[in-house]
Each structure stands twice: as structure tokens, then as C-alpha cells.
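Colleague: Before I ask anything, here is the structure I am working with.
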Amino acid sequence: RAKTDGRDAIRFFRPSMQRAADERLRLETDLRQAMEARRFTLHYQPQFDADRRVIGAEALLRWQREDGVYMPPALFIPVAEDIGLIQYIGDWVLEESCRQLREWDDRGLSGRLAGLSVNISPVQFLQPGFVDRVREVLAERDVDPARLEVELTEGVMLADTEGVAERMRALQALGVRISIDDFGTGYSSLAYLKRLPLRRLKIDQSFVRGIPGDRNNAAIVETILGMAAHLDLEVVAEGVETTAEFEFLRAHGCGAFQGYYLGQPGTAAELERRVQGQSASARQPAKAPPSPS
Ligand code: C2E
Ligand code: MG
Ligand code: MG
Ligand code: MG
């Protein structure tokens with residue numbers, strides 16, 4: 001490419017662009033190898049109700065490179081989308097999520113870990129046969145479709161709208177629920193909110209940050225909560241990091257919360273311990289302190 005741009009372009013191309021191209025190539029190679037070697041895992045971030053009780057979780061993809069470094073999904077997912085790997089990675093995420101739901105069910109944890117949200121890339125969602133694949137994976141594990149939530153971003157709504165609506169209705173018919181992730185950050189019309197079968201909106205963490213002190217964010221959050229109430233949509237606030245953010249959201253009718261303030265993403269075992277501790281303390285709430293004798 002640089003050839004046709006002449007001498008200056010060639011000089012400009014090196015060395016920083018060469019380095020970027022090398023890094024990108026290495027990332028692609030590593031990603032393909034990681035897929036083959038199954039070096040991916042899922043972490044789970046709990047979702048809470050207004051009483052701070054766990055009501056479900058979001059599955060978050062983790063890739064630990066051979067050198068031990070954890071690669072952030074925000075860095076490698078766009079690359080996986082570019083090189084056509086996302087459908088394989090995404091399919092693994094779906095299978096692993098359903099396997100985990102089955103396991104929680106078998107161990108009697110389904111009451112507390114009723115729902116699991118899974119991020120679905122637009123590329124994966126628009127793949128022919130996506131809905132059939134979801135149906136198949138749920139059936140293989142004998143998981144109630146109502147326990148699976150598919151998280152889509154607003155970007156999907158911009159694509160070929162009839163195909164998108166049709167797929168969403170097929171998922172709804174299956175019993176799978178749909179939420180809009182990072183709500184408010186995409187450039188899309190709000191018209192889709194009343195047309196499409198949505199269960200909930202996830203308020204992006206950039207709007208949660210600093211409320212109520214940040215007046216602009218507070219106004220945006222209040223508006224989203226008001227609109228969602230009118231449209232009969234549930235809301236999950238993402239990235240809740242402080243008491244102030246949590247209390248403001250709760251006071252304005254937000255029903256579900258996710259964020260470091262309440263719980264970090266962790267392994268399935270960590271989430272289970274947390275849920276079991278919670279159920280145990282709920283069973284014996286009036287446990288008296290040891291009496292002095
Ligand atoms: P997301 O779906 O919006 O997920 C929430 C992200 O916010 C996660 O980052 C989570 O660890 C982080 N987070 C949660 N609470 C807090 C908080 O209180 N403060 C801050 N600063 N961050 C918080 P993560 O795991 O790095 O994932 C980043 C993005 O990568 C996700 O954003 C999602 O878009 C994408 N992603 C993750 N897993 C998958 C997957 O399995 N498939 C696809 N297609 N995308 C995925
Ligand atoms: Mg998400
Ligand atoms: Mg999000
Ligand atoms: Mg995101």
C-alpha cells in the first residue's frame with residue numbers, strides 16, 4: 001500500500017506503522033492458536049437487585065496468553081470479528097454458558113443464579129442459523145431458555161433491520177430474553193425500542209459515573225429510567241462503583257445493578273460461594289450473638 005504513496009509515505013510508514021502492523025499480526029496469530037488450544041475461560045459478574053441480593057450474572061470472556069498475560073476482550077474481540085474467528089469463539093461462549101447453567105441447576109443453585117447474560121457480537125448474531133444454534137445448545141444441555149439473556153449492542157439495530165427484527169422475534173418465541181448492552185452509546189434511533197421484543201436496557205457505565213454529582217449524567221440516567229418505565233423495560237445499571245451511584249439509581253427506580261461496588265467478575269466457584277453464603281445467612285437471619293456466660 002505504501003508503495004503507491006511515494007517516498008515520503010514510505011519514510012512515514014516506518015517504523016511506527018510497521019510496529020503496529022507487526023503487533024496486529026501477532027495478535028491474530030495468538031488468537032488463532034488460543035482458539036485451537038482452547039485457552040479461553042468465562043468469568044461471571046454478579047447482578048444484584050435493589051436489596052443487594054444476587055439475581056443472576058453476566059458471562060465475560062477471558063483469554064490468558066501463554067505468557068500469563070490476560071488480554072482484555074475490548075482489545076481482541078474486534079480483531080476476532082475482523083478475521084472471522086468471533087463466530088467460533090462466540091459459539092464456545094454460548095456452549096460454556098449453557099453448560100454452566102446446567103451445572104448450577106443440578107446443584108440446586110438455579111434459584112439464585114436464575115439468569116445468565118451472554119454478550120453476542122453483531123457478527124455472530126447476523127450469522128445464518130444463529131437462532132437454530134441457540135435452540136440446539138439449550139436443548140443439548142436441557143436448559144430453560146428463559147434463563148438465557150442475549151446482550152446485543154445498539155449497532156446491531158443499524159444493520160439490515162428486517163433480518164434483525166426477525167431473528168429477535170425468533171429468539172423471543174424460543175423464550176430467550178434480549179437486552180441492549182451499553183445503552184445510549186450507539187448512534188441509533190430510539191424507534192427500535194417500541195418495535196423490538198426487548199426485556200431490558202443496560203445503562204452504559206459512562207453515564208453511571210459520578211452520579212448524582214455529575215449533573216449531566218444524572219439527567220441522562222433519570223431520563224433513561226423514566227423512558228424504560230413507560231416502555232415496560234427493565235433496566236440494569238452497569239459499572240456501579242460507589243454508594244452514591246448505587247443509591248441514586250435505586251432512588252430513581254433502577255431494578256438491577258452490576259459493578260465493582262457490589263461484585264467484581266470472578267470464577268464460577270467464586271460466584272457460587274457468594275450465593276451460598278447469602279442463602280445461608282438468609283436462612284438464619286435472627287442468629288443471636290453468643291451470650292456472655
Ligand atoms: P460489557 O458487556 O459492557 O461488559 C462490562 C464490562 O465492564 C466488563 O469488562 C466488566 O469487567 C467491566 N466492569 C464491570 N463492573 C465494572 C465497574 O464497576 N467499573 C468498571 N470500570 N468496569 C466494570 P470486560 O470483561 O473487560 O469486557 C469488556 C467488553 O468486552 C464487554 O463489555 C463486552 O462488550 C465484550 N465482551 C466480553 N465478553 C464477551 C463475549 O463473550 N463475547 C463478546 N462478543 N463480547 C464480549
Ligand atoms: Mg455485556
Ligand atoms: Mg456494557
Ligand atoms: Mg461493551
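The values are calculated or read from the model by the stated rules, or taken from the named source; none is laboratory data. These figures come from a predicted structure and were not determined experimentally. For neighbour counting, all protein chains shown are included, and Cβ atoms are generated from backbone atoms with ideal geometry for every residue, glycine included. Each accessible area value is taken on the protein alone, full model and side chains, heavy atoms only, with ligands, DNA and RNA left out. Shrake-Rupley method; radii C 1.70, N 1.55, O 1.52, S 1.80 Å.
Colleague: Evaluate the charge dipole of the stretch 100-147 about its Cα centre and quote only its size in Debye, nearest 20, assuming +1 on the Cβ of each Lys and Arg and -1 on the Cβ of each Asp and Glu.
Modeller: 160
Colleague: Given Cβ point charges of +1 (Lys, Arg) and -1 (Asp, Glu) and nothing else, what value in debye, to the nearest 20, does the dipole of the chain about its Cα centre take?
Modeller: Dipole size: approximately 360 debye.
Colleague: Counting DSSP beta bridges with both partners in the chain, what percentage is antiparallel, nearest 5?
Modeller: Counting only bridges with both partners in the chain, antiparallel ones make up about 40 percent.
Colleague: Let me ask another. Taking amide H atoms as placed 1.01 Å from N in the peptide plane, list the residues 5 or more away in sequence, or in a different chain, whose amide H sits under 5 Å from that of T153.
Modeller: Those qualifying (amide H under 5 Å, at least 5 residues apart or on another chain) are D181.
Colleague: Relative to the Cα centre, what is the charge dipole magnitude of the stretch 50-189, using +1 at the beta carbon of each Lys and Arg, -1 at the beta carbon of each Asp and Glu, and rounding to the nearest 20 debye?
Modeller: 480
Colleague: If you average the alpha carbon positions of the stretch 27-47 and of the stretch 86-127, how far apart do those two centres end up, in angstrom?
Modeller: Using only Cα atoms to place each centre, the spacing works out to 15 Å.
Colleague: OK, next. For the stretch 118-197, with every protein chain kept in place, what is the accessible area per residue (1.4 Å probe, Å²)?
Modeller: 46
Colleague: Which cross-chain or sequence-distant (5 or more) residues have an amide H under 5 Å from the amide H of G259, H modelled 1.01 Å from N in plane?
Modeller: For G259, the qualifying residues are G239, V240.
Colleague: Right, something else. Around E58, which amide H atoms from residues at least 5 apart in sequence, or from another chain, sit under 5 Å from its own amide H, with H modelled in the peptide plane?
Modeller: Here the answer is Q45, Q47, S117, since their amide H atoms fall under 5 Å of that of E58.
Colleague: Here's something else I'd like to know. Which residue, chosen from V208, V221, L233, occupies the Cα position most advanced towards the positive end of the dipole of the stretch 187-251, where the dipole is computed from +1 (Lys, Arg) and -1 (Asp, Glu) charges on Cβ about the Cα centre?
Modeller: L233
Colleague: If you don't mind, another one. Using θ = phi - 60° and the Karplus relation 6.51 cos²θ - 1.76 cosθ + 1.60, list the HN-Hα couplings for the stretch 82-96 in order, rounded to whole Hz, with x at every Gly or Pro.
Modeller: Ordered by residue, 3J(HN,Hα) equals 4, 9, x, 8, 4, 5, 6, 5, x, 5, 5, 4, 5, 4, 5 Hz.
Colleague: Equivalent-ellipsoid semi-axes (√(5λ), Cα gyration tensor) for the stretch 136-276, whole Å, largest first?
Modeller: Calculated on Cα positions only, the semi-axes equal 26, 22, 12 Å.
Colleague: With θ set to phi - 60°, apply the Karplus curve 6.51 cos²θ - 1.76 cosθ + 1.60 along the stretch 179-190 and write out the HN-Hα couplings as whole Hz, x wherever there is a Gly or Pro.
Modeller: Listing the rounded values in order: 10, 9, 7, 6, 4, x, 9, x, 9, 9, 5, 8 Hz.
Colleague: If you don't mind, there's one more thing I want to ask. Roughly what % antiparallel, to the nearest 5, for the DSSP beta bridges in the stretch 1-152?
Modeller: 60
Colleague: Keeping the other protein chains in place, figure out the carbon and sulfur percent of the accessible area of the stretch 19-66, with a 1.4 Å probe.
Modeller: The nonpolar share, carbon plus sulfur, comes to 44 percent.
Colleague: Here's something else I'd like to know. Just to check, using Stokes-Einstein with a Kirkwood Rh over alpha carbon pairs, what's the diffusion coefficient of the stretch 74-149 at 10 °C and 1.306 mPa s in µm²/s?
Modeller: The calculation lands on 121 µm²/s.
Colleague: I've got another one for you. Which Rg and Dmax, in Å, describe the Cα atoms of the stretch 40-113?
Modeller: Reported Rg and Dmax, both Å: 14.7, 43.
Colleague: Residue by residue through the stretch 55-62, what is 3J(HN,Hα) from phi via Karplus (6.51 cos²θ - 1.76 cosθ + 1.60, θ = phi - 60°)? Round to whole Hz and write x for glycine and proline.
Modeller: 10, x, 7, 10, 7, 10, 6, 10
Colleague: State whether the stretch 117-158 is rounded, prolate or oblate according to the following rule on the C-alpha gyration tensor (a ≥ b ≥ c being the square roots of its eigenvalues): a/c under 1.5 gives rounded; otherwise a/b larger than b/c gives prolate, and the remaining case gives oblate.
Modeller: oblate
Colleague: So what are the radius of gyration and Dmax for the Cα set of the chain, in Å?
Modeller: Both quantities, over Cα of the chain: 21.7, 91 Å.
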